[in-house]
Amino acid sequence: MSRIIRFVHPRFFAPEAQTSGDLVTLPLEEAEHLTRVLRLGTGAAVRVFNGSGDEFESVVEAASKDAVQVRLGHPRAPAPEALLQVTLAQAVLKGDKMDDVIRDAVMIGAAAIRPVLTARTESSAAIIEKSRRQDRWERIAISAAKQCGRAVVPPILEPVTFEDLIDFLLHKWLSGPSIMLVEPGASKAAVPFSELDVEPPNAVTTVIGPEGGWTREEVEAAAVVCRLVTMGRRTLRADAMGLIAISAAFSRWKEF
């Protein structure tokens, strides 16, 4: 029996890609991946997406060490976006753990990611800016979107303090209800995720803490604007909770 091999055209991110027939220049990092890693050249069939939801069958028209230009062809349907728009408000984690959180959140379908600086977060806004971690997180989001087939690159929003996040939620500057994951026993107000009595929303914000957990004061402040939620009786890793929370929300509200 013969086997059918399906060749998947490589995907590249080009925010300027808007209209079929246009000639667009790939960003430098994307161009280097095309020429140096994949070793593609003029005439290669590729797919190009703009990060805002559009994707095109395309052809490389010019490729050199300095620039790559592609001609946009017919639009194509990328992986569908989630109907439930989830904003992941994630406490900034140590080392490269935040990289994994962002990668997984983008791949499962988060609409936006908001880094949060909490009482037990070891990084500061100044450290994040000096180390250019925001730029790195944005590159990871692009890479994850390329891999999973999304044509939307969810924004990695500017880091905010926990106090500012609560203010955003209090004044409803973020859409939909908010749920904050807490450890078992952190608050008498906390309920298991399966017992949430929230009507199916169009959008939700999930708030995830740092490695050291929330302080008592943070839990009390969040209880004013968030539903406090537990995930069973086990204490789970902070870098796993974002993916778990988004998966639970999608499952509970019929995304999958």
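Just want the answer: with Cβ charges of +1 for Lys and Arg and -1 for Asp and Glu, which residue in Leu236, Ala45, Val70 is farthest toward the dipole's positive end in the chain? Sorting the options by dipole projection puts first Ala45. Taking 24 Å as the straight-line reach from the Cα of Lys146, the lysines in range (excluding those fewer than 8 positions away in the same chain) are Lys65, Lys97. The Cα atoms of segment 104-211 give a gyration tensor whose axes a ≥ b ≥ c have a/c of 1.5 or more with a/b no greater than b/c, which makes the shape oblate.
In the chain, the longest principal axis of the Cα atoms and the axis of helix 238-252 are about 90 degrees apart. Expressed as a whole percent, the proportion of Cα-Cα pairs in segment 145-256 lying more than 24 Å apart is 25%.
Along each principal axis, taking the top coordinate minus the bottom one, the Cα set of segment 178-237 gives 31, 23, 20 Å in descending order. On the basis of the beta-carbon distance and an R0 of 45 Å, Arg132 and Asn202 show a calculated FRET efficiency of 0.85. Taking the convex hull of the alpha carbon positions in segment 50-89 and averaging its projected area over all directions gives 4.7 nm². Panel values: segment 54-176, Kirkwood radius from alpha carbon pairs, Stokes-Einstein at 20 °C and 1.002 mPa s, translational diffusion coefficient 132 µm²/s.
Against the chain, whose longest principal axis comes from its Cα atoms, helix 133-148 is set at around 70 degrees.
Can you tell me which of Glu199, Glu16, Glu218 moves the most in a GNM of the chain? Springs connect C-alpha atoms under 10 Å apart. Result: Glu199 has the largest fluctuation of those listed. Dividing the summed -39500 (n - 2.57) terms of all DSSP H runs of n ≥ 4 by the residue count of the chain sets its mean residue ellipticity at 222 nm at -8000 deg cm²/dmol. Shape analysis of segment 11-75 based on the Cα gyration tensor places the equivalent ellipsoid semi-axes at 17, 12, 10 Å, largest first.
Every number here is computed from the coordinates shown, using simple stated rules; none is lab data. Keep in mind that what you see is a predicted model, and the values were worked out from it rather than measured. Ideal geometry is used to build each Cβ from the backbone, glycine not excepted, and the neighbour counts take in all protein chains shown.
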